[in-house]
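Here is the structure we will look at.
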Amino acid sequence: MRQHLFLKQSLRHPQNQRWLKKLSLKVLLNWRNQRRRQPGEVKITQSVSFKEETNVVGELPEAQKKALDDLKQLIQEALNKHEFTTPPPPAKEEEKPAEPEKVEVKEEEKIEAPSTSEEPKTAEAEASTPPPPPPVVEEKVEVKEEKVEEKVEVKKEEEKAEPSAAAETVVVEKVAAVDEDGAKTVEAIEETIVAVSSAPAAEEAAPAEATPAEEPKKEEEAAPAAPPPPPEEVFIWGIPLLGDERSDVILLKFLRARDFKVKDAFTMIKNTVKWRKEFGIDAFLEEDLGDEMEKVVFTHGVDKEGHPVCYNVYGAFQDKELYQKCFADEEKRAKFLKWRIQFLEKSIRKFDFSPNGICTIVQVSDMKNSPGPNRTGLRYATKHALSLLQDNYPEFVAKNVFINVPWWYLTFHKMMSPFLTHRTKSKFVFAGPSKSAETLFKYIAPEEVPVQYGGLSKDGEFIAADSVTDFTIKPTSKHTVEFPVSEACVLVWELRVLGWDVSYRAEFVPSAEDGYTVIVSKTRKITSSDDPVISDSFKTGEPGKVVLTIDNQTSKKKKLLYRSKTKSTSE
């Protein structure tokens, strides 16, 4: 009643948006209609059914083939440039600190002391007349002029004898001149000598006018260019982005998620690869995150097309202790999300991703006893999970079936719809409590549906390969089921009526005319509080048939499920 008043008042508020008014009005109408119907019944408008498309490239339309080829080309270029895992280096930032060093070396090489009448000038000293350098080091290397002159004369004689040593003569002469004035440090002189002496013989024979700054450029031009690095390899769910037909299946998922817009799909792939690396998917794939969530999310059986079925039981969060463990704070919500992603990753790793194989799942969300919208922790976690799954796990859901849907969840779904793509919303199916089992049977065979959801799948005599027959019993009518027996054996059968509230009886009728009918189970009334499934058996030594009679005296039709098999008497 409080929600009804709140919505009614919100409609009168002048600042409310138009879409909220329409939404609130629909909720009020649904709430009023629910009051008029029987408890638990909600009329839900189903979305348009979505048909899964082929993953065989040869069967795609030409426009989709071209989009796939264009996307593969973009990915190949990105792999060649290592754009997925290695970001491009900031070239400008790295070059800036190196520039001052180069300038300092050049200045030191070009610094020369002013010439005197006693000191002979070289060709290099005559060509350039720079200003006198400022004093750098207080300590000066004392060198006598006589010794310097002797060294210069010796070097000049060596130049005449050995032309290849001309570069070394200039350096020594510069050293002597600079040392005399104390304008250059010993370390700078040593660097200059090493740089010149380590030059190749071909450069030593070059003319004196060649500056030291040009020598490294010549060395770089002469050095062979380094071969480009090989393309990087990027894997998603154990499959390379490019490689074989399995890669095409993955790329088609991203293309379909973006309506075959190539650039948008390429951006989505790059963001997914980045997110998986930051989230550390491969690192925590085998991590033990606890088992308290096994009753909340689990896989059970397959649908009629072979897709694995994943069940999400939101009613389990009515347990306050479990709710606190999962949604009490941001850290616990992050752990829950991590567990949910790990569960999904393990399920996806079981797919072979072949073009004709199964690589999608069916989601069944049980909303029975689900916490209401006032549980903000669950609401925020659900919204965050939907966003991550839609952005990083495209086209992995073949169908999303919501069962036992309460009326308030429709409002929540309307609020979440703007965050979902049209393709995602087209896969949603909603069913109220009275239609849940019937809705599941449209997509999943009864022998694959767990007992708690109206099926016959449980531990016992029967397995999923033992098919189930279903029949609708009309109001105020009887229906009989016959199991023929041709030889001595043990007949085993299972029987279920959804909602029960019917009478049940079983008897054996022999084929012989003079035989006697054997009562296997007396007539008894079965209600919804009894066991949901009747499991019975009968051992016979002669041919005949077992006849089951179900009497529906109610004004509603009933869904009947049954199956049987025979075993030898020795078993």
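Throughout, read-outs are computed from the coordinates displayed, never taken from laboratory work. Being a predicted model, the structure only gives us computed values, none of them experimental. Here the Cβ is made from the backbone with ideal geometry for all residues, glycine too, and neighbour counts use every protein chain on show.
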- Over the range 419-571, with a single point scatterer placed on each C-alpha, what log10 of the ratio I(q)/I(0) does the Debye formula yield at q = 0.19 1/Å? -1.21
- Task: Mind checking which of L560, V518, S570 is farthest towards the positive end of the range 509-571's charge dipole, using Cβ charges of +1 (Lys, Arg) and -1 (Asp, Glu) about the Cα centre?
- Result: L560
- Query: Taking every eigenvalue of the Cα gyration tensor of the range 226-325, multiplying by 5 and rooting it, what semi-axes result, largest first, whole Å?
  - Reply: 35, 20, 14
- Item | Efficiency of FRET from Cβ geometry, I463 and S529, R₀ 22 Å, rounded to 0.05 | 0.20
- Mark the label point 7 Å from the Cα of N356 along Cα→Cβ and return the residues of the range 293-328 whose backbone N is within less than 11 Å of it. none
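Can you give me the relative contact order of the range 237-379 as a percent, contacts being Cα pairs under 8 Å and 6 or more apart?
28 percent
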- Query: With r defined as the distance between the Cβ atoms of E482 and T382 and R0 fixed at 60 Å, what FRET efficiency is calculated, to the nearest 0.05?
  - Reply: 0.75
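I'd like to compare 506-515, 451-460: which one has the highest average count of other Cβ atoms within 10 Å, and what's the full order after that?
Averaged packing, sorted descending, gives the order 451-460, 506-515.
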- Fully extended, how many nm does the chain gain between W275 and T569 (0.36 nm per residue separation, minus their Cα-Cα distance)? 99.8 nm
- Item | Alpha-carbon radius of gyration plus Dmax, which is the widest Cα pair, for the range 510-571 in Å | 14.8, 45
- FRET efficiency for E294 and S537 from the Cβ-Cβ distance with R0 = 35 Å, rounded to 0.05, comes out at 0.60
- Can you give the convex hull volume of the alpha carbon atoms of the range 329-410 per residue, in Å³? 107 Å³
